[in-house]
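Trainee: Quick one: structure below, then a few questions.
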Amino acid sequence: MTVFPQRSRQAPGSGHMIVCGDDALAERLAGELTSVYRERVTLVVPPAPGTGTVARARASALLGRVQSVIGRADAGTDAPRVLEAPELDEGVLAEAGVGGAAALALVHEDDEANIRAALVARRLNPRLRLVIRLYNRKLGQHLEELLDQAAALAVPGLDPAALDTSTTVLSDADTAAPALAATAVAGTSKVVQADGLLLRAVERTPPAAGEVADPGLCTLALLSSTTDDPAGAEGSDASGREGPTLLPDDETVAAATGRGTVVLETVTHTGTAPPPGRLAGRGWPLTTLFPARLRWTLAGLVTCVLALAVATSLTIDGHPLHAAYLTLLDLFAINDPALDEPTSRQVLQLLAGLAGLLFLPVLLAAALEAFGTFRTASALRRPPRSLSGHIVLLGLGKIGTRVLSRLHELGIPVVCVEEDPEARGIPLARRLRVPTVVGDVTQEGVLEAAGVDRAHALLALTSSDTTNLEAALYARSVAARLRVALRLYDDDFATAVHRTLRAAHPHALTRSRSVSTLAAPAFAGAMMGRQILGAIPVERRVLLFAALNVAGHPQLEGRTVAESFRPGAWRVLALDTAAPDDRLPDLATTPDHDDTGRPAGLVWEPHPGYVLRPQDRVVLATTRQGLAELLGRRPRVRTQSPGF
């Protein structure tokens, strides 16, 4: 076990934060806690493959990356303490100071490692606030209940309010998926969904001369004044007055002529049952089992048989049912020959026999067609040649799978491209009957098979920055105006890519997004004990949606809704009017059961004169610095872009 830097070898004091992880999310989360919330942080990472000088060099590089996320540190703020350990056992957690820590974040990519460490940490410190990164949603819900019960048993009389935030299970894929999907569908909605609560933020272009832009429910942000510059980068925290403005007041919005806006357009409650039109692949309608040509052939034969039955009824002058019965016997060649019958009857019997000969191949074709339909139900669909206006989604890993699910919920046509036929998202694509191309996106012909030249947007979400960039460049050569959104980690690389693509294709939309940067604010907010409903990117900044109890916050308590608004920091969007005992315990989870009888207490656009009481709970739109200030911590001024 190795600790860096040397001056921080001693165990930290009580109340500090611990972050355990092995990828970019851990680095950005440590930077978020240090820079925004001014917390003392211990970062626990796996060791480098080498030892000695190699390991020390790796740790120094890791610390440098964390500090680059933090920016220039204040004199009174310590850099994160970096501890290297091969696995998170009891000794390592004790060395990190879990016994006196306020919160522990377990953000390894391995779910099993996170669960094992969470169980050990809960035993070492029952009062510890746990934030766990877990991809499996149902397992996460059960784990939350288990760990909260363990805390309640270990500490009798534990405050229920503290228990509500004792354990939080989050997924970086779920947190980032709405923003990534919205980026691909640029010009529509940016969506954050929690517990059926649907927040839609819409990006609008500046109004023309003499026009007045619709403010929606409220204006969430003003876009950067440099976004119309083809070579300009997206605005960030370091852009100053030219950058985006989050949560502006009415005077600022009125004065910001020529700047685009992000407005809250609609707020609706969505049920848990999927719409009738979204069950593709679960049922087998007649049109799927039998193609049109086969159905028309069958209809013609049935009409012929009915005509023969009517003619037989007139010939034998008998009951129509008896005539129909004789016709069916003739049709299947099981009736006696009409030797002593009139000539008309004999002719009708021969015609019925001929119809029977024609009917047998039709039945065989229908059976083979149905068998083929069922047999290919488990196969991946190929993109239709006539498909256009769709989104080409590259990569069906953890992030791509969640984004595919989100796009399908929004009713947006998607064509997936995945190199690994056993990838995580392949079963979902098969179940949803989403057209999928299996192949290396860098190989010639793969993107053409996905119809990229007719697509609305390209969303590159593979785990390789170079693969995403290569696919974007090739797609640009095929369709110069194609909307492109790339998943890139390195901020300098992302900025260079963004500026170059915009300069080369000024009339096309290009965006670069980092999953870890989108997810880090939500994880940091959960470590501070707040319910983060979601995060929406505004260019290269992040706007958070949080559920907050008014009690204990002098910035809200006793003030009217209008007085509580702090431009650039936070704004009350909704008020939970349900009684405290009837409220949903956690707005950040989506129930998988029918909850139509639950209390409906959320009121959007509360009256500006309503006085907030201690027992109220509100939904806020807030910046990261604003959330830190609400928690009683003076936010630091960032000097570098967090990067997307």
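The values are calculated or read from the model by the stated rules, or taken from the named source; none is laboratory data. What you see is a predicted model, and the numbers here were worked out from it, not measured in a lab. Counting neighbours? That spans all protein chains shown, and the Cβs are built from the backbone with ideal geometry, glycine included. These accessible areas exclude ligands, DNA and RNA; they are computed on the full protein's heavy atoms, side chains included. Shrake-Rupley method; radii C 1.70, N 1.55, O 1.52, S 1.80 Å.
Trainee: Of (1) under 22 Å from Glu144 (Cα atoms); (2) not in a helix (DSSP H, G or I), Glu87 satisfies all except one. Which?
Mentor: Checking Glu87 against (1) under 22 Å from Glu144 (Cα atoms); (2) not in a helix (DSSP H, G or I), the one that fails is (1).
Trainee: In segment 590-643, what residues are among the hydroxyl-bearing types (Ser, Thr, Tyr) and either modelled with pLDDT of 85 or more or open to solvent by 50 Å² or more (accessible area, probe 1.4 Å) (or both)?
Mentor: Thr590, Thr596, Tyr610, Thr622, Thr623, Thr639
Trainee: Separate question: Identify all residues within segment 364-375 that are open to solvent by 50 Å² or more (accessible area, probe 1.4 Å) and either modelled with pLDDT of 75 or more or closer than 17 Å to Ala292 by Cβ (or both); write none if there are none.
Mentor: Leu364, Leu368, Glu369
Trainee: Exactly one condition in (1) within 23 Å of Ala449 (Cβ to Cβ); (2) surrounded by fewer than 17 Cβ atoms within 10 Å (Cβ to Cβ); (3) of a type in the set (S, T, N, Q); (4) modelled with pLDDT of 80 or more is false for Ser378; which is it?
Mentor: If we test Ser378 against (1) within 23 Å of Ala449 (Cβ to Cβ); (2) surrounded by fewer than 17 Cβ atoms within 10 Å (Cβ to Cβ); (3) of a type in the set (S, T, N, Q); (4) modelled with pLDDT of 80 or more, just (4) comes out false.
Trainee: State all residues of segment 548-568 that are open to solvent by 10 Å² or more (accessible area, probe 1.4 Å), under 23 Å from Thr219 (Cα atoms) and of a type outside the set (Phe, Trp, Tyr); if no residue qualifies, say none.
Mentor: Gln555, Arg559, Thr560, Val561, Ala562, Glu563, Arg566, Pro567, Gly568
Trainee: Hey, among the residues in segment 464-483 that are basic (Lys, Arg) and surrounded by 18 or more Cβ atoms within 10 Å (Cβ to Cβ), which one's farthest from Thr442 (Cα to Cα)?
Mentor: Arg483
Trainee: Answer yes or no as to whether Leu428 is crowded, with 24+ Cβ neighbours inside 10 Å and within 19 Å of the chain's Cα centre (by Cα).
Mentor: no
Trainee: A further question on this structure: Sort out which residues of segment 411-437 are part of a loop (DSSP other than H, G, I, E, B) and of a type outside the set (Lys, Arg), and write them in order of number.
Mentor: Gly411, Ile412, Pro413, Glu419, Asp420, Pro421, Glu422, Ala423, Gly425, Leu432, Val434, Pro435
Trainee: Let me ask another. What is the number of the single condition among (1) surrounded by 15 or more Cβ atoms within 10 Å (Cβ to Cβ); (2) at pLDDT below 75 that Ile115 does not meet?
Mentor: Here Ile115 clears every test but (2).
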